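Please treat every number below as a calculation from the coordinates, not as lab data. Not measured: the values here are computed from a predicted model. Here the Cβ is made from the backbone with ideal geometry for all residues, glycine too, and neighbour counts use every protein chain on show.
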Amino acid sequence: MKIFILIILSVLFTITNSQAENWLQFRGSNSNGSTNEIEIPSKLKQIAWSVKLDSKGASGPIVVGNKVFITSCTGFLQDRLHIVCFNTESGKIDWERQFWATGKTGCHEKISVATPTPASDGERIVASYSSNDVACFDLEGNLLWYRGLGKDFPDASNSLGMSSSPVIVEGIAVFQVEAEPDAYAIGLDMKTGKTVWKIERPRHANWASPSIMRGEQDLVILPSLKGIAAIDPRTGYTVWKSLDSGSSVTSVTTWNNHIFVPVDGIKVLNVSAPSTTPELLWEKGNISASTASPVVYENKIYTINGAGVLKSSSAENGKINWQLRLSGGRCSSSPIIAGDHLFVANEKGTLFSVDLSGKKGKIVGTQKLDEMILGTPALSSGAIYLRSNDHLWKITN
Amino acid sequence: MKQFFFLKNLLTVLILIGLLIPEESAHADQIDDAIQILLKVKANGEGNSEAGKALKLFQNADQLAITKVLKAFNQSNDYSANYLLAAFETVADNMLKKSGKLPQKMLEHFILETGNMPRARRVAYEWLLKVDPGAETRMIPNMLKDPSPEFRRDSIELLIKQGKKELTQDKKEKAIATFQKSLTGAVDEDQISKISKQLKKLGIETNLQKHFGILASWKIIGPFENREGVGYQAVYAPEKEIDLSKTYDGKEMQVKWQTISTEDDHGILNIAKDIGKYKGAVMYAVYEFKSSQSQDVIIKFGTPNAWKIRVNDELISSLEEYHRGTSFDQHKIPAKFKAGTNRILVKICQNEQKQDWAQQFQFQIRVCDQTGTAVLAVK
């Protein structure tokens, strides 16, 4: 009978889920922050609901069907790790699970052990933390597998904390775990948690996240201070390496067959074929991205510098089109774009909606939330979800 | 769209019919078998596949499973404990959602048995609070010396509140007694500092070094070469022999053992200030700790520099990390002390970074038991 119910539930979920728009990982389902397929709350008119959180986290939310997921941590040592599932309609907790950190939990006071954003393949959620503990749950909160990578590889740690978020490609969850004492990237099978591959990486502190490069053969782009590498997510094989420097904080952005690398301004690589080492297309020193990763949309690149100035530049040659100061200063959260609107939250807790359709960018909506926001928001079905240490909000028109 | 809603309603009805048919709970022997599988999970994901399958049993388990899982925590390792936690929370969550009840007496009994795994006791307590909020006032005041740091912290917070209240009521002597009582259970730096500040305002000084178990006075030697990081792996003379009367070829000169000590409440031994602002350098510090008995201890250590620690010539932990911040109790290293003299050798390495924030050359170290209470050397 149980199997009978489960089959029906699966069918029902699939029908319901197909009506919602998913935001599956850090910077969206394609991990590049932009999409044309999601309805947006362009004016940010109202807070549909807000939930007081009793556990802290700097990670961003993700959305699967009618569920929004966040990670968080509690305890004096931040060693109790949580994943919480909320109903997108009501904001009520659907389920919450916790587990104990096995790796190191020390981190800078600004962030927390729950800084990496979780990821989903649409059927499962994989949550990782600064302690390099990883847990995978089904959408109903049943633990499928758990890995204590922080205990397995204890030297791959950083006393300031780790923040790289995983991406999921072809059933493999790819993690970058890079620090000075030890550094590696690892591919875990989403169904079993088994290590599919593990490769050594440059031994440098790295807080940036991997990005997916869609194509005939999806690649995962790994950034680091020593340049970028493209790997085959199925095998971990390094397909090519490029540049000899890169950012250890800001993630790269892929768009069509280009890779926008935030280092010494922006460098743009053209990938003519997945297995061919890319060529440098152009570079500009005057359009630097700070902590927030760049985003590309409709042939334009958008960057936000350390003072909170948003710049629009040509994705073809880097020529600046316009710039716009977002009052309130620094953005650690990365901007996201859909439906001709850019959304970004600054550290002071103001969420902006910038209309990109005109000759110059125009702020058409704001929400002052007045709490420090570090995580990148999620978009789904006409709503934007974002969180601070203390609240999760759903904002709509 | 109409078809969609019809199909959705039809499926909902079918589910409701299905839910009316009672499910059979997992049997005791099935639960035992599943728990044994969970306990076999080890490092590198070993046992994960089997454990993932075994966990499904707990989706349809009841109170009996809660009892058995809680008992099993005492046999778990760090990996398998997380599978047991998932099993426990799955059953507890289902029970609570279905009946609004949990086995309160059993949970309370498990919590009060201090020999049980501290973390599991705490989770059991938090589930108990969902059905019995009064458990807090009934249990926490008696947990000042509990093996669980979380229970201790709660108990201490209650006493701090009580002491502050007594102060507002002009009951100074009572407040002093309350704060002093709270200090007897305090093991975390934030609470100890908070209490000692309150006592100081009341004219009572606290020997923080003693309370923390700080190792304040060391013999130190160096600098040895560490330009381009060569010194971290290099084996210099103090790693081969400890002879406090000898001199050796150092990085820039002949080096000999000297004393470094600190009066800092938190025990920071400041090499840059007291010995020299060396860059690209290795120093060795040695401490002889006389233990009253053979015992397991936790060495709590903090430094912004790369380091290795040996106890009785055995390397117990190391980390080649420079200037990524430091904090009190930054690293917690399990060690075994024998009865009598135990030699602790700290190798501490400074790199060549020039930034203002990369100039610290220091460490702090204390010795505690499993609860975080200071273990003091005997004279």
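Some values worked out for this structure:
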item: Count - residues of region B:165-180 that are out of contact with any Leu (no Cβ under 6 Å at 6 or more places or on another chain) and assigned to a helix (DSSP H, G or I); result: 9
item: Meets criteria (within 26 Å of residue A:178 (Cβ to Cβ) and either among the small types (Gly, Ala, Ser) or out of contact with any Asp or Glu (no Cβ under 8 Å at 6 or more places or on another chain) (or both)) for residue B:302; result: yes
item: Scan of region B:167-194 for residues that are more than 26 Å from residue B:328 (Cβ to Cβ), charged (D, E, K, R) and in contact with a helix residue (DSSP H, G or I) (Cβ under 7 Å, 6 or more places away or on another chain), ordered by number; result: B:174
item: Answer residue from region A:102-119, given it is in contact with a strand residue (DSSP E or B) (Cβ under 7 Å, 6 or more places away or on another chain) and more than 9 Å from chain B (Cβ to nearest Cβ) and is surrounded by the most Cβ atoms within 10 Å (Cβ to Cβ) among those; result: A:113
item: Candidates A:356, A:392, A:374, A:386 - the one that is more than 26 Å from residue A:248 (Cα to Cα), of a type outside the set (Phe, Trp, Tyr) and in contact (Cβ under 8 Å) with a residue 60 or more places away in the chain; result: A:392
item: So residue A:225, is it among the aliphatic types (A, V, I, L, M) and either touching a His at 6+ places or on another chain (Cβ under 7 Å) or on the phi > 0 side of the Ramachandran plot (or both); result: yes
item: Residue list for region B:182-228, filter: in contact (Cβ under 8 Å) with a residue 40 or more places away in the chain, part of a helix (DSSP H, G or I), among the charged types (D, E, K, R) and under 21 Å from residue B:263 (Cβ atoms); result: B:189, B:210
item: Failed item in (1) in contact with a helix residue (DSSP H, G or I) (Cβ under 8 Å, 6 or more places away or on another chain); (2) surrounded by fewer than 20 Cβ atoms within 10 Å (Cβ to Cβ); (3) assigned to a strand (DSSP E or B), with residue B:376 passing the rest; result: (3)
item: Candidate set from region B:316-349 (those that are in contact with a Phe, Trp or Tyr (Cβ under 9 Å, 6 or more places away or on another chain), of a type in the set (A, V, I, L, M) and within 21 Å of residue A:77 (Cα to Cα)); member that is nearest to the other protein chains (Cβ to nearest Cβ); result: B:319
item: Filter pass, residue A:251 being under 20 Å from residue A:205 (Cα atoms), assigned to a loop (DSSP other than H, G, I, E, B), in contact with a strand residue (DSSP E or B) (Cβ under 9 Å, 6 or more places away or on another chain) and not acidic (Asp, Glu); result: yes
item: Among (1) crowded, with 21+ Cβ neighbours inside 10 Å; (2) over 19 Å from the mean Cα position of the chain (by Cα) - the single one residue A:316 does not satisfy; result: (1)
item: Region B:325-358: number of residues that are assigned to a loop (DSSP other than H, G, I, E, B) and in contact with a Lys or Arg (Cβ under 6 Å, 6 or more places away or on another chain); result: 2
item: All positions within region A:130-158 that are assigned to a loop (DSSP other than H, G, I, E, B) and surrounded by fewer than 23 Cβ atoms within 10 Å (Cβ to Cβ); result: A:139, A:140, A:141, A:142, A:153, A:154, A:155
item: Residues (within 11 Å of chain A (Cβ to nearest Cβ) and surrounded by fewer than 23 Cβ atoms within 10 Å (Cβ to Cβ)) located in region B:35-47; result: B:42, B:43, B:44, B:46, B:47
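Residue-wise test of (1) within 12 Å of another protein chain (Cβ to nearest Cβ); (2) over 16 Å from the mean Cα position of the chain (by Cα); (3) under 22 Å from residue A:111 (Cα atoms).
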position: A:156; (1), (2), (3): yes, yes, yes
position: A:162; (1), (2), (3): yes, no, yes
position: A:168; (1), (2), (3): no, no, no
position: A:173; (1), (2), (3): no, no, no
position: A:181; (1), (2), (3): yes, yes, yes
position: A:199; (1), (2), (3): no, yes, no
position: A:205; (1), (2), (3): yes, yes, yes
position: A:208; (1), (2), (3): no, no, yes
position: A:213; (1), (2), (3): no, no, no
